Every structure is written in C-alpha cells, then in structure tokens.
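The values are calculated or read from the model by the stated rules, or taken from the named source; none is laboratory data. This is a predicted model, so every value here is computed, not measured. A quick note on method: Cβ atoms are made from the backbone with ideal geometry, for glycine too, and the neighbour counts reach across all protein chains shown.
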Ligand SMILES: Nc1ncnc2c1ncn2[C@@H]1O[C@H](COP(=O)(O)OP(=O)(O)O)[C@@H](O)[C@H]1O
Ligand SMILES: [Mg+2]
C-alpha cells in the first residue's frame, strides 16, 4: 500500500533529513514510527503524503508515485494526514464547514457532502458540535475534528504526526481508541509518536535515527532485545521494569510485558 524505496530527502538548507529509507507498509497494518526529535519522522510522513518530493528514491501510495504531479490530489485523498497542532488545519468558521472542506473539492452533490460530514462527525462523536467554531474547542476536540476532516475523504491510510503530544491523558486515550477503531475497520495507520507507551497497539514498530531506519519489526521483540542506546530516548518505566525482570530471570522472555496489564498478568503467573 505504501512503498518507499531508497528515499533520501534534503531540505533546501542542505540538512539531510532522510537517508536511504526503505519501507513497505501493507494494507491494514498499524505501524508506529518512533525516534528522538529531529530523526526524520515528520519528513517521512510528509513524503508519504506528497507534501514534499524525494531528493532521491521514490514513494508510491497504492501504486501512485508522489513524483507524478497529476496524482497528488489522489494521493492526499488516499493518505490523510493529521498534525501535532490542529489549529494549523482549520479553515472553516464552523466545525461542519471545516469537515466539509475536503469533500467540497471532490465534485460531489450537496447531499453526498452532507452525508460524509455527518458520518465523519459521528465517527469521532462530535456531531453535536457541528455549529461550533473550531477555534474555541478543547485540544482533544480539535484533534477529533481534524480526524473527522480526514475521514470525510474516506482515506485508506491515515498518517498521524504526534497528534496526542499536546493533549491531556484522557483526550490522549480517546484519540488512541478512535485510531484503534479505525484500524479495526481496515484503515492502514502510520502513527508517529515519541511516547512509547502508545505503541502497544502497533503491529509493527519502526525506530528511526538520523534519517535512517534502525529497527523495523514486532514491537515486543524490538523493545525486549534491542540495545537501549540505539533508541536515543528513554524507555517507558514499564518496559524498563520488564527488561530488569527478564534479565533477572523472573519473567519469561517469550511473554515480555509491554503494558501495565501485561506486567500484572506476568507477575500473577509467578504465584
Ligand atoms: N523546513 C526545514 N528546513 C530545514 N531543515 C529541516 C526542516 N524541517 C526539519 N528539518 C530538519 O530535518 C531533520 C528531520 O526533521 P523532522 O522530520 O522534523 O524530525 P522529527 O519529526 O523526527 O522530529 C532535523 O534535523 C530537522 O532539524
Ligand atoms: Mg516531527
């Protein structure tokens, strides 16, 4: 569904943000991309979405190359993107106008647009806010509207760039469960985060460092085995604890716990 081949990207000032990245993402996968600030995560997402074009190599979404300018609107529709700061995405005076903005560019009837807007707002449980001004909503509500705007385009892929960073824990969990539900319904998810706690939902973890992919695989295997120094960031306390328990032979390496619940379960098994 997404095929990235030998992708390098250099910003106009000469910064090499991506260095020979190869990544194949299949339909229906939930891929978490992690790595410390500046490692190239946002640049990678922007490349997938066609916001920026490869300096070298190629990016194809559903067989459409981002370098083919005639397909750029199709690519953006197929791969919707949400950013850390939802403010930057609002265009409309009301929530409804905002969500309708994408479908309005698709030459659909007013009726069809209305249906899409309604369906998307319901999917994020924000239909009661359709007449509100997006600006005055809470951070979590804003992100839900940003998500609805993307859903209104009926994308096959959703790219999320640190969307929970500015949110309180409750809103963070709410957004995460919405994303999980979309994944369960078949949407391919590429989820950038520096909060490793969020990756327990992922099928696959990609860890980047200095524009390259350092690890790519099953999160449990990577978090239990990889050298911590290669991550370039701190592991969540639960995972540190799991590693210590595993190193002391207290828990089994095959059931390496990634979450509080899994750790509790592993400890209960010891009795
Ligand atoms: N517009 C830009 N111009 C020049 N360099 C940039 C620009 N945006 C990002 N960079 C640089 O590219 C590298 C990767 O950035 P980015 O993709 O934003 O990383 P991340 O999202 O992982 O924090 C960093 O060194 C960053 O400073
Ligand atoms: Mg970023």
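With respect to residue 196, determine if the residue is crowded, with 19+ Cβ neighbours inside 10 Å, farther than 17 Å from residue 26 by Cα and more than 16 Å from ligand 1 (Cβ to nearest atom).
Numbers: crowded, with 19+ Cβ neighbours inside 10 Å: yes; farther than 17 Å from residue 26 by Cα: yes; more than 16 Å from ligand 1 (Cβ to nearest atom): no.
Here the answer is no, as residue 196 does not meet what is asked.
Residues checked against (1) under 23 Å from the mean Cα position of the chain (by Cα); (2) modelled with pLDDT of 85 or more; (3) more than 30 Å from residue 56 (Cβ to Cβ):
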site: 192; (1), (2), (3): yes, yes, no
site: 223; (1), (2), (3): yes, no, yes
site: 233; (1), (2), (3): yes, no, no
site: 248; (1), (2), (3): no, yes, yes
site: 254; (1), (2), (3): no, no, yes
site: 271; (1), (2), (3): no, no, yes
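Out of (1) under 22 Å from residue 174 (Cβ atoms); (2) surrounded by fewer than 19 Cβ atoms within 10 Å (Cβ to Cβ); (3) under 16 Å from the mean Cα position of the chain (by Cα), the odd one out for residue 143 is which?
Among (1) under 22 Å from residue 174 (Cβ atoms); (2) surrounded by fewer than 19 Cβ atoms within 10 Å (Cβ to Cβ); (3) under 16 Å from the mean Cα position of the chain (by Cα), the lone unmet condition for residue 143 is (2).
Would you call residue 61 within 22 Å of the chain's Cα centre (by Cα) and in contact (Cβ under 8 Å) with a residue 40 or more places away in the chain?
In short, yes.
Give segment 32-51 a look and list any residue that's surrounded by fewer than 17 Cβ atoms within 10 Å (Cβ to Cβ) and more than 9 Å from ligand 1 (Cβ to nearest atom), or say none.
51 - this is the single residue of segment 32-51 that is surrounded by fewer than 17 Cβ atoms within 10 Å (Cβ to Cβ) and more than 9 Å from ligand 1 (Cβ to nearest atom).
Does residue 102 satisfy being away from ligand 1 (no atom under 16 Å from the Cβ), under 30 Å from residue 235 (Cβ atoms) and in the same structural domain as residue 195 (by TED's automatic domain parsing)?
Considered against the rule, which asks whether it is away from ligand 1 (no atom under 16 Å from the Cβ), under 30 Å from residue 235 (Cβ atoms) and in the same structural domain as residue 195 (by TED's automatic domain parsing), residue 102 comes out as no.
One line per residue, one yes/no per condition, for (1) within 11 Å of ligand 2 (Cβ to nearest atom); (2) within 22 Å of residue 208 (Cβ to Cβ); (3) out of contact with any helix residue (DSSP H, G or I) (no Cβ under 6 Å at 6 or more places or on another chain); (4) in the same structural domain as residue 159 (by TED's automatic domain parsing):
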residue: 32; (1), (2), (3), (4): no, yes, no, yes
residue: 47; (1), (2), (3), (4): no, yes, yes, yes
residue: 53; (1), (2), (3), (4): no, yes, yes, yes
residue: 64; (1), (2), (3), (4): no, no, no, yes
residue: 74; (1), (2), (3), (4): no, no, yes, yes
residue: 82; (1), (2), (3), (4): no, yes, no, yes
residue: 86; (1), (2), (3), (4): no, no, no, yes
residue: 89; (1), (2), (3), (4): no, no, no, yes
